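Each reported figure results from applying straightforward, stated rules to the coordinates on display, with no laboratory input. Predicted model, so just to flag it, every value in this text is computed and none were measured. Ideal geometry is used to build each Cβ from the backbone, glycine not excepted, and the neighbour counts take in all protein chains shown.
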């Protein structure tokens, strides 16, 4: 008999009832997205030689690296308006790190239109995290066809959250073969929801041994839903053996 198993419910929204149905994969997994160029920049210590004199002349002559460096110098010294001016100039001139910086900042401010514009610019220049972020915003806005295109681009580039979220979209439209493929790719990186969902799909296809394997892997990594499903499955199997 074919058994139908939920893929995984969303987390309970703050102050509300638990939502039903499959969840967006990136919400509560412990696998971080690949860093963007902006994240890389923030991880580097400032250079002692950075000063206004060093960068201003080059920035005024059109050097986009200097524009962005100058914007960061002004940011650290509290000259916010000057920082925004030079960061925007660098981004408009095609400086990828400045573009992702603009996208991050507008996302944090809730300026979704501006954020989407800059995520798209960075995505078209090949930044995989920007491709994922653009897809996520498109999906939230109900534009799932274009979202799938950008998830696919990021997924092919190895972005694990894009792989899992692409699988989720494919599952929603009953393309289980391709959904399983991308969940497998994400599971190779120990993406918790991918591991759980592969277990759910295995049980749905009447492959309880495979379900046990996937859920055991996820449970070993601390995934509580998988641990619960695994315990239930093992108890059911034990009851079945006792009856025979």
How high is the relative contact order of the stretch 105-188? Use alpha-carbon pairs under 8 Å, at least six apart in sequence, and give a whole percent.
18 percent
If 68, 117 are placed from fewest to most neighbouring beta carbons inside 10 Å, the sequence is 117, 68
Label-to-label distance, nm, for residues given as residue 145 and residue 52 (7 Å Cα→Cβ offset)
5.2 nm
Ranking 161, 170, 198 by Cβ neighbours within 10 Å, fewest first, what do you get?
170, 198, 161
With labels modelled as points extended 7 Å from the Cα through the Cβ direction, what inter-label distance (nm, one decimal) is found for residue 210 paired with residue 236?
1.6 nm
